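I have placed the structure first, in the form of structure tokens, so that the comments after it can refer back to it.
Quick note: the coordinates plus some simple rules give every number you see, no bench work behind them. Quantities reported herein were computed from a predicted structural model and do not represent experimental measurements. Cβ sites come from the backbone with ideal geometry, for glycine too, and all protein chains shown count toward neighbours.
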Amino acid sequence: MADLLELLRCEVISGSNQLDGFEPTGFFAADLMSDVLAFAHPGNVLLTGLTSLQAVHAADVAELPAIVFVDGKRPKDDVREKAERRGIPLLATRFDMFEACGRLYEAGHVAGRKP
Amino acid sequence: MSPDVLYRESFAVEGNDFEHGGNVATAIKATLRELGIASGAIRRLSIANFEAEMNVIMYARRAEFVFTITPELISVVVADEGPGIPDIDWAMQEGHSTATPEMRERGFGAGLGLPNIRKNSDEFAIESIVGSGTTLRYAVRLDQGA
């Protein structure tokens, strides 16, 4: 997780106390929540440009333990509060989706999907 | 209530209520966790519930969700009042959608909802009457381990 914060120069929006000792199973990137529900695997960190409540609900039902918002996007307060109640830390990176994924991939984080 | 029903609860969902879209799926998930249901079954059912809930919000006027737990199954019936689906075979194919741009901004409306529900359930049935509404029934078996 320290790796993720450094690679993407993440700002922690909320849930910093939930990041200790947290190890993602991989990463999944999408703006389409139906794709998240269909293809992400439990334990994947979600990278998305979607900052609506539905991103938090999708992470919650698909068992994704953290969300990274790309492009410097920030969610509204009600979204942040919902994520805090659900125990899902929210992070933000200034990198766009392509570069955020590229940085993780280059560092050896391969797919979030099972082979 | 028949003797093998262990738990039953119902929820109302209003059409166009994007603000609360996902609340029913997460409420049911919390209940299933408290009841000690296997995590794999919870995840599959929750995914199906979230897609079904968003479908109601996007397309119907309102719906009632009824979920029932028996020793073998968690089953959900979503009966909506809405426009109905003229061609179910068409709607069941991935990528087929009548969504608006607002729906797509919410991360839905790509024509994956009904296929996702079928994929994440062990039993699936859909009936629709054009001009009246759609009833979706799906269930996840509890005998599959996690």
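A few notes on this one:
- Wholly within region B:31-146, helices (runs of 4 or more DSSP H) carrying at least 3 residues that are touching an Asp or Glu at 6+ places or on another chain (Cβ under 7 Å) and under 16 Å from A:S34 (Cα atoms): B:39-59, B:113-119
- In region A:14-40, the residues that are over 18 Å from A:A58 (Cα atoms) and either touching a Lys or Arg at 6+ places or on another chain (Cβ under 7 Å) or outside any loop (DSSP other than H, G, I, E, B) (or both): A:S16, A:N17, A:Q18
- Yes/no for B:A60 being away from chain A (no Cβ under 11 Å) and either over 17 Å from B:A139 (Cα atoms) or touching a helix residue (DSSP H, G or I) at 6+ places or on another chain (Cβ under 6 Å) (or both): yes
- Flag for A:D71 being charged (D, E, K, R), under 15 Å from A:I13 (Cα atoms) and within 14 Å of the chain's Cα centre (by Cα): yes
- Some residue of region A:94-113 being within 14 Å of chain B (Cβ to nearest Cβ), under 16 Å from A:E23 (Cβ atoms) and under 12 Å from the mean Cα position of the chain (by Cα): no
- In a residue-by-residue description of region A:67-85, the property of being touching a residue at least 60 places away in the same chain (Cβ under 8 Å) and either of a type in the set (S, T, Y) or in contact with a Lys or Arg (Cβ under 7 Å, 6 or more places away or on another chain) (or both) applies to no position.
- Residue count, region B:54-86 (criterion: in contact with a strand residue (DSSP E or B) (Cβ under 6 Å, 6 or more places away or on another chain) and of a type outside the set (K, R)): 21
- Residues satisfying the stated conditions in region B:67-125, i.e. of a type in the set (D, E, K, R), touching a Lys or Arg at 6+ places or on another chain (Cβ under 9 Å) and within 14 Å of chain A (Cβ to nearest Cβ): B:K119
Residues are listed down the side, and each one gets a yes or a no for (1) within 14 Å of another protein chain (Cβ to nearest Cβ); (2) surrounded by fewer than 17 Cβ atoms within 10 Å (Cβ to Cβ); (3) in contact with a helix residue (DSSP H, G or I) (Cβ under 7 Å, 6 or more places away or on another chain):
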| site | (1), (2), (3) |
| --- | --- |
| A:L8 | no, no, yes |
| A:S16 | no, yes, no |
| A:L53 | yes, no, yes |
| A:D77 | yes, yes, no |
